[in-house]
Amino acid sequence: MTTETITTDAGEARVTWHRAGKPRLVLAAGHGAGGGTDARDLSALAAVLPAHGVTVALVEQPWRVAGRKVAPAPKTLDTGQRGVWPALTAPGLPVISGGRSAGARVACRTATELGAHAVLALSFPLHPPGRPEKSRAEELLGAGVPTLVVQGGNDPFGKPAEFPKGDHELVEVPQADHGFAVPKRADLTQEEALRVITDAVVRWTAVLG
């Protein structure tokens, strides 16, 4: 694991690399507005994917690096993504643009512009909780590249059944919430819930290249 600091027009960002021995793809994964790159799903992917030929680059946005508590406007998040992109493509491999929650929105909004190979959207916030009329479906549908959505079955930001039809694949993590936590009474353990995520991404990336 190695970490580098990158200067962007939005401030200094940080990328933590979990490198594969024989990499064929890079997964760049950004965090959400309420947490960092230590989120359980991002950590699980960083632990599992390198053994399958996928280098994982966990991208920490400038606002988090600077210690601020509140995420900036979407356009500022996109600026941070643009700023780190040259470092992500430096290994010369196809880059999957990914992230959880707000990070998934950034990945979708910038994928075509930056030349992403594909998009991985973890816990895509389809709408604010209790506000389905405030849909962000256009961001997801506009990604323009192969897209995998992994969504908790009880995500208040959008349950799997609420997602529109489109050119994307959707995998449900049963009974999981927005952070992919499952209740103790669930039919699967927390470890099994994370395995649903990692198994789906391993399978999907095997098809991508």
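Things worth noting here:
- Whole-angstrom gap from the range 172-209 to the range 85-111, using each part's C-alpha centre: 21 Å
- Accessible surface calculations at 1.4 Å, restricted to protein heavy atoms, place the range 134-209 at 52 Å² per residue.
- Here r is the Cβ-Cβ distance between T89 and K159 and R0 is 35 Å; the resulting FRET efficiency, rounded to 0.05, is 0.50.
- Heavy-atom SASA rank of S123, S43 (probe 1.4 Å, accessible area, largest first): S43, S123
- Assuming charge only on the beta carbon of Lys and Arg (+1) and of Asp and Glu (-1), the dipole of the range 1-133 about its Cα centre is about 140 debye to the nearest 20.
- Calculated log₁₀ intensity ratio I(q)/I(0) where the Debye formula runs over C-alpha points of the range 99-209, q = 0.10 Å⁻¹: -0.27
- Normalised contact order of the chain, rounded percent, pairs of Cα under 8 Å and 6 or more residues apart: 17 percent
- Within the shell of other residues whose beta carbon sits under 9 angstrom from the beta carbon of E139, the net charge comes to +2, with Lys and Arg scored +1 and Asp and Glu -1.
- Overall, the accessible surface of the chain at a probe of 1.4 angstrom is composed of carbon and sulfur to the extent of 52 percent.
- Selection from T5, A90, G67, by position along the positive dipole direction of the range 1-93 (Cβ): A90
The values are calculated or read from the model by the stated rules, or taken from the named source; none is laboratory data. Computed from a predicted model, the values in this text were never measured in an experiment. Virtual Cβ from ideal backbone geometry, glycine too; neighbours counted across all protein chains shown. These area figures cover heavy atoms from the full protein model, side chains too; ligands, DNA and RNA do not enter into them. Shrake-Rupley method; radii C 1.70, N 1.55, O 1.52, S 1.80 Å.
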